[in-house]
Amino acid sequence: MSKRESELYLLDILIAYDKILRYTDSFQTGDDLLHSEMEWDATIRELEIIGEATKNLIQENIIGNDNRRIVNFRNQIAHGYFGIDADIVLDIVRNKLPTFTKTLQKLSLNLESAIKLSIQEHYHNQHTIKLLENLKETH
């Protein structure tokens with residue numbers, strides 16, 4: 001299996017975060033999110049993607065090990081699914097991920113080819129295409 005480019009991991013995180021925002025936008029409490037089966041499951045899955053991509057960016061020395069908390073949270077989700085606190089999930093979505101993703105967007109990576117590839121991969125999802133087009137304009 002070929003090694004995935006660092007820029008694609010960055011895009012994976014930004015796409016997953018964009019999806020999470022759409023999935024969780026209407027919820028006021030973690031409990032409300034927890035009891036909305038599809039949105040809860042989709043949010044948890046995207047948080048796993050963010051954690052895995054973060055792990056790879058740390059291993060490639062693109063970002064610092066101080067981001068390991070995101071990886072640890074991914075591991076908690078993956079291995080302790082029934083013990084996840086819904087309020088913590090919503091807090092991470094609302095208060096931790098915005099800062100993290102803004103920091104990632106400031107990295108000096110050349111995203112042009114990764115964005116093109118990602119647009120091809122996500123051609124069916126207009127929300128993701130819009131996000132990628134916006135990223136293309138800002139980079």
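Quick note: the coordinates plus some simple rules give every number you see, no bench work behind them. Only a predicted model underlies this, so the values are computations on that prediction, with no experimental measurement involved. FYI the Cβ positions are ideal-geometry reconstructions off the backbone, even for glycines, and counts take in every protein chain you see.
Structure notes:
- Rounded to the nearest 20 debye, dipole of segment 10-110 from Cβ charges on Lys, Arg, Asp, Glu: 520 debye
- In whole percents, the pair-distance distribution calculated for the chain from its alpha-carbon pairs, binned every 10 Å from zero, is 11, 43, 35, 11, 0.
- For the listed residue pairs Lys19/Lys130; Lys102/Lys136; Lys106/Lys136; Lys19/Lys136; Lys96/Lys116; Lys55/Lys102, the alpha carbons are over 20 angstrom apart in Lys96/Lys116.
- For the pair segment 22-44 and segment 62-96, the centres of their Cα atoms are 15 angstrom apart.
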